[in-house]
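Reviewing the structure listed below.
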Number of protein chains: 2
Amino acid sequence: MGGQREGGEPAAAGARPLRRDAELNRQRILRAGREVFAARGLQATLNDVAHHAGLGVGTVYRKFPDKRALAEAVFTEELDEIAAMARKALAEDDGFAALAGFLERALGLAAHNRGLRELMRRGAVEGTGLARARRQVASHCEALVARARAQGALRDGVTETDIAPIAAMIDAVMALPGERPSGLWRRYLAIILDGLRAQPCQTPLPSPGRT
Amino acid sequence: MGGQREGGEPAAAGARPLRRDAELNRQRILRAGREVFAARGLQATLNDVAHHAGLGVGTVYRKFPDKRALAEAVFTEELDEIAAMARKALAEDDGFAALAGFLERALGLAAHNRGLRELMRRGAVEGTGLARARRQVASHCEALVARARAQGALRDGVTETDIAPIAAMIDAVMALPGERPSGLWRRYLAIILDGLRAQPCQTPLPSPGRT
DNA sequence: CCATAACCGGATACAGCATATCCGTTTCAT
DNA sequence: ATGAAACGGATATGCTGTATCCGGTTATGG
């Protein structure tokens, strides 16, 4: 799509294939990018990534013109994974359970990925593959909401525009200092999901303690 | 308390009073600090504040050793206002309404104060007057929750430790790009409050549009 | 009105940081 | 073996926010 090679396996067609070690390093960098961005967020340096990959900075800058390029490559993949989750949810029968389950799974993924969360807040530059993946996810969410609504499972006034704010709220809980790796966010997601149902309902709350 | 004069009127006892113009400028700076921090957040520069106050940078640095000092002075006041709100709520009869009303009012205040919100996320340096004010607010929240709970108004498992995450969530909605000055947050606060009640209940949702 | 201590203004030195480059060295491929 | 490709990482660059310094100004008491 863009100017960067897809995350897949070998080099793309048109261009002369990379030397074997070079291609290997490309993979290493992508991997390291994933890990570093997940752990330290988007503000991580390409130097960080390089070091983490056991490579020199120069190597990284030869493969990816700048940080944006690498981040885009990395997160487009991850957003596509989420889009796939949504598609799978769309196949379930119970519209509300599908929506709820998707949110839980997608946010569970984000829980361990600070970079991804930061990306949700900010927003992608238009025209990138990343923006495309983003729209993809958004449109699947719409479908999920629409179906739950069609089944009469949603409280009056709930729309697809509620999804982003809800994600933002849960993200905020995840970002809370202290209980980083705990599942505290599930507690609040439960409260919110209860609040989205057509029929008033109180599922048992996940405890404030560990998951 | 700290080493800085209180926000009040004239100079403190012990020290020789400031020259009249100097004291006036002190007020100007405090005022400007409030406004600038509220609008641009804690990352605002003392140079910004100075310019906003119509004063030179040097003047500001003479009154406040650094940004932290000014921010502390400014936000201690604001937190005290919130503590006062909580005390007033504690005087109401209906424990749940008191809690809900307090949250609404306090968050409504935060809605227009980016600096204050950033302060909630981060957390104050221990030992400052600011930390004291913070604890004050926290303890009042505890009391508010305890009372609602004692009146049997709270859903099972809800505790005072839920307040901070809830505030964080609402803050996240306020920080959402785009709908900054809208009252969108009230919508989600309503959902969450419904979820806090002992009896399942659905108050009508504030619309996603303007307030 | 004068003297002088207090105060003001804002140009600028400083420090920290992330980005991106450059080029001598090493590795691959034939 | 030998040239092309790739590597490494020290370092130049640019930017931002912090804080100081000192010549000029203003208030105040005698």
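What follows draws every value from the coordinates through simple rules; no lab data is involved. Remember, predicted model here, so these are calculated numbers, not experimental data. Positions of Cβ are backbone-derived with ideal geometry, glycine not excepted, and every protein chain shown enters the neighbour counts.
Taken over chain B, the percentage of Cα pairs per 5 Å bin, counting from 0 up to the bin with the maximum distance, is 1, 7, 14, 16, 17, 14, 11, 8, 6, 4, 2, 1, 0. Placing +1 on each Lys and Arg Cβ and -1 on each Asp and Glu Cβ, with no other charges, gives chain B a dipole about its Cα centre of roughly 660 debye.
Rounded to the nearest whole Hz, the Karplus-based 3J(HN,Hα) values (6.51 cos²θ - 1.76 cosθ + 1.60, θ = phi - 60°) of the stretch A:107-122 follow the sequence 5, x, 5, 5, 4, 9, 9, 4, x, 4, 5, 4, 5, 4, 5, 3, with x at glycine and proline.
Compared with the dominant principal axis of the Cα atoms in chain A, helix A:20-40 is inclined by about 40°. Here the stretch B:125-211 is treated as a Stokes sphere of Kirkwood radius computed over C-alpha pairs; at 10 °C and 1.306 mPa s its diffusion coefficient rounds to 108 µm²/s. All Cα-Cα distances of the stretch B:72-196, cut into 5 Å bins from zero to the largest, leave 2, 11, 22, 23, 21, 14, 7, 1, 0 percent in each bin in turn. Axis of helix A:129-150 versus longest Cα principal axis of chain A: the two differ by about 10°, to the nearest ten degrees.
Rounded to 0.05, the FRET efficiency of the B:E92 and B:L176 pair, given R0 = 22 Å and the Cβ-Cβ distance, is 0.10.
With kT/(6 pi eta Rh) evaluated at 4 °C and eta = 1.567 mPa s, and Rh the Kirkwood radius from Cα pairs, the protein assembly as shown diffuses with a coefficient of 53 µm²/s according to Stokes-Einstein. Taking 7 Å steps out from each Cα toward its Cβ at B:L109 and B:A138 produces label points 1.8 nm apart. Dividing the mean sequence gap of close Cα pairs (under 8 Å, 6+ apart) by how many residues chain A holds gives a relative contact order of 18 percent. Measuring max minus min along each principal axis, the C-alpha atoms of the stretch A:31-139 give extents of 51, 27, 20 Å (largest first).
The modelled label-to-label distance between B:A131 and A:L18, using points 7 Å beyond Cα along the C-beta direction, is 4.9 nm. Calculated from the alpha-carbon coordinates, the stretch A:20-64 shows an Rg and a Dmax of 9.6, 31 Å respectively.
If we count every other residue with Cβ under 14 angstrom of B:H140's Cβ, Lys/Arg +1 and Asp/Glu -1, where does the sum land? The answer is +2. Close amide H contacts of A:L154 (hydrogens built in the peptide plane, cut-off under 5 Å, sequence separation of 5 or more or a different chain): A:A198.
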